[in-house]
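Novice: So that we are looking at the same thing, I have put the structure below in structure tokens.
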Amino acid sequence: MNGTYHGACFCGAVELRVSGAPQAMGYCHCRSCRSWSGGPVNSFTIWAPEAVEVVKGAEHVATFAKTEMSHRQYCRLCGGHLMARHPPLNAIDVFAATLPELPFAPQLHVNYAETVLPMRDGLPKLRDFPKEFGGSGEMVAE
């Protein structure tokens, strides 16, 4: 998977473009992602910062940083979620729903120890994060 994909906020005032291939795709089960997304699980696509560009409406992008790990960005006009910058990881999570044309091919689950929606899909389930991202790398059973 290598290409250019476009996405937008809920009202369309902010438009994004991602280029290349995502570094990872999967599901996050942490309480923060669940609360932010308003759902029992959040679908993520991880990109290098240089692969993500706001092509329209940058003046409407607002940021909320509950922690230094996640700077969540949204449209200040409609509240539509766009992405989360992860400065310590040098990565950006463009929410899968923000990129409707990107073929979502999840590879793993992170923070599965916090799940409220068990998913039996055969994908690896990490207790927290991979070691490369500062986690334990510990796998948990489905």
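The values are calculated or read from the model by the stated rules, or taken from the named source; none is laboratory data. The model shown is predicted, which means the values in this text are computed figures rather than measured ones. Here the Cβ positions follow ideal geometry from the backbone for every residue, glycine too, while neighbour counts run over all protein chains shown. Accessible surface is based on the protein model in full, side chains and every heavy atom, while ligands, DNA and RNA are left aside. Shrake-Rupley method; radii C 1.70, N 1.55, O 1.52, S 1.80 Å.
Novice: Which of the residues belonging to the stretch 25-41 are buried (at least 16 other Cβ atoms within 10 Å of the Cβ) and either modelled with pLDDT under 95 or not in a strand (DSSP E or B) (or both)?
Specialist: Result: His29, Cys30, Ser32, Cys33, Arg34, Trp36, Ser37, Val41.
Novice: Tally up the residues in the stretch 125-142 that are closer than 19 Å to Arg31 by Cα and in a helix (DSSP H, G or I), please.
Specialist: Summing the residues that are closer than 19 Å to Arg31 by Cα and in a helix (DSSP H, G or I) in the stretch 125-142 gives 1.
Novice: Working only within the stretch 57-88, note down all residues that are open to solvent by 40 Å² or more (accessible area, probe 1.4 Å), free of Cβ contacts under 8 Å to residues at least 60 places away in the same chain and closer than 22 Å to Gly39 by Cα.
Specialist: Within the stretch 57-88, Thr63, Phe64, Ala65, Lys66, Thr67, Met69, His71, Arg76, Arg85 meet the criteria.
Novice: Residues that are of a type in the set (Gly, Ala, Ser), open to solvent by less than 30 Å² (accessible area, probe 1.4 Å) and farther than 15 Å from Tyr27 by Cα: does the stretch 94-114 have at least one?
Specialist: No, the conditions are met nowhere in the stretch 94-114.
Novice: Looking at the stretch 101-116, I want the residues that are of a type in the set (Asp, Glu) and have a partner that is part of a helix (DSSP H, G or I) with Cβ atoms under 7 Å, at least 6 apart or on another chain. Which pairs are those?
Specialist: Glu114/Arg31
Novice: Here are Val61, Val41, Val94: which of them is touching a His at 6+ places or on another chain (Cβ under 9 Å) and hydrophobic (A, V, I, L, M, F, W, C)?
Specialist: Criteria check complete, one pass: Val41.
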